[in-house]
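Working notes, structure below.
Only the coordinates and a few stated rules stand behind these numbers; no lab work does. Quick caveat: nothing in here was measured; it's all calculated off a predicted structure. Glycine also receives a Cβ, built like all others from the backbone with ideal geometry; neighbour counts cover every protein chain displayed.
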Amino acid sequence: MRIPATSIALLASFLLLSGCANKPINVDVNVEAHATQAGKMEPGSTEDAFRFVQGVREPESIVLIYDASGSMRWPIREGGEPRFGPAYRALVQFVERTARHDKLAIIVYGSQLPSGVTDGKVLNSMRAKASCNDDIKVVQILQPVKDHAEIKGRLTYLEKMNAYRGDTPLGNSMMKAAELLANAPGEKRVVLLTDGAEECYPQIAGSISPKDAVQKLKEANITVDIVFSGGGLDSKGISNDRSKDNAKNLSALATGQFYEAGSYDELVNALLRIEIAKFRYELVDSKGKVAASANLGQRISLPAGQYIFRGLKARGFSKPVTLPVAPAARIYLALSGEDDSTPDVLVIAEK
């Protein structure tokens with residue numbers, strides 16, 4: 001079967017780790033992105049891996065939670081632009097890249113009502129109660145992505161600074177996402193784009209802790225990915241202990257991927273990597289036992305030998321392929337064919 005010049009491929013690099021005469025030789029396995037150009041395998045990019053994974057994975061139901069709290073006006077880094085600028089542009093990129101076979105909803109908190117909490121202290125209880133409980137808006141209901149431009153049109157108000165006003169109700173926002181995903185089909189995922197820590201729990205009645213919210217999502221088989229943007233810095237763009245603790249606490253909440261980002265490019269890269277990590281594969285030994293299972297980009301180690309390669313919860317892997325795993329061996333996974341809706345994945349091994 002001919003591989004088109006525009007097809008996307010993945011390279012699995014195998015590096016010799018250790019071994020001696022009395023022990024099996026272990027091989028270090030890492031799947032990296034590569035691209036096919038005019039029939040030749042060339043070093044690829046995050047974009048290549050993103051397109052590959054999006055082309056083979058099953059449809060998902062996704063809720064993106066977007067932070068429009070007042071602290072998004074602060075610098076994304078010392079001397080940098082306000083956080084909301086890169087965050088908004090990354091949000092637009094996320095919408096543009098969402099596959100049409102997915103369902104997408106978008107929740108925005110903090111954009112309508114003024115803040116009542118500052119540095120973890122309630123300064124205005126009435127404002128705080130309203131911001132924490134009533135300023136969690138479903139901007140895009142959960143539905144198939146038919147018109148990217150229409151969805152982006154609903155988000156244009158977030159381009160302006162005056163849209164960033166309120167507090168940070170992470171727990172309550174996650175529970176709103178859980179409601180939207182309650183009867184959704186396929187894999188279910190929440191992507192949280194934020195710069196801060198929970199401000200509403202436990203001070204404000206009706207708030208739930210992010211930890212408890214994540215547990216409820218986990219019980220409902222909903223994965224939580226978190227992108228932390230500029231949150232390690234204070235209002236002047238300078239790092240401090242409290243801000244560093246925010247990153248540590250948020251990373252503990254993620255049941256999927258967690259990334260920190262200090263620029264627009266890093267934000268987009270983080271959102272791409274969330275997609276890439278969705279691809280999971282396994283290598284099965286000659287006895288039918290799963291010797292290794294990993295996400296794309298995750299390094300694993302196993303004895304050299306013959307293995308069956310299987311893509312999990314992915315289209316195009318209808319036929320198992322036996323591959324040699326040995327030092328200096330390479331495995332390519334290439335999309336072949338012109339129809340993205342019915343991908344045909346070629347698995348090719350070389351030495």
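For this structure, a couple of remarks:
- Spin-label model, Arg77/Asp147: points 7 Å from Cα along the beta carbon direction are separated by 3.9 nm.
- Separation of the alpha carbons by more than 30 angstrom is noted, of Lys121/Lys160; Lys278/Lys319; Lys146/Lys319, for Lys146/Lys319.
- For a paramagnetic label modelled on Ala99 (point 7 Å from Cα along Cα→Cβ), amide N atoms under 13 Å away belong, within segment 262-288, to 275-280.
- Taking amide H positions as modeled 1.01 Å from N, with prolines and chain starts lacking one, the residues under 5 Å from Ala291 and 5 or more places away or on another chain are Leu283, Val284, Asp285.
- Asp245/Leu123 FRET efficiency (R0 30 Å; Cβ-Cβ; nearest 0.05): 0.90
- Derived scalar couplings ³J(HN,Hα) [segment 153-163; Karplus, 6.51 cos²θ - 1.76 cosθ + 1.60; whole Hz; x for Gly, Pro]: x, 6, 10, 4, 5, 6, 6, 9, 4, 5, 7
- Other-chain or far-sequence residues with amide H under 5 Å of Leu104's (modelled H): Ile62, Gln143, Val145
- With a cut-off of 11 Å between beta carbons, the residues surrounding Pro75 carry a summed charge of 0, where Lys and Arg count +1 and Asp and Glu -1.
- Around Ala178: net Lys/Arg minus Asp/Glu count, Cβ-Cβ under 11 Å: +2
- Computed from backbone phi, the HN-Hα couplings of segment 204-219 come to 9, 4, x, 8, 10, 5, x, 4, 5, 5, 4, 4, 5, 5, 4, 5 Hz, rounded to whole numbers (Karplus: 6.51 cos²θ - 1.76 cosθ + 1.60, θ = phi - 60°; Gly and Pro given as x).
- Proportion of all alpha-carbon pairs of segment 42-155 beyond 25 Å (%): 39 percent
- What the Cβ-Cβ distance of Lys216 and Ala326 gives, at R0 = 56 Å and to the nearest 0.05, is a FRET efficiency of 0.75.
- Sorting 299-305, 310-316 by average packing, meaning the other beta carbons within 10 Å per residue, from highest down gives 310-316, 299-305.
- Convex hull of Cα atoms in segment 59-275, direction-averaged projection (nm²): 10.3 nm²
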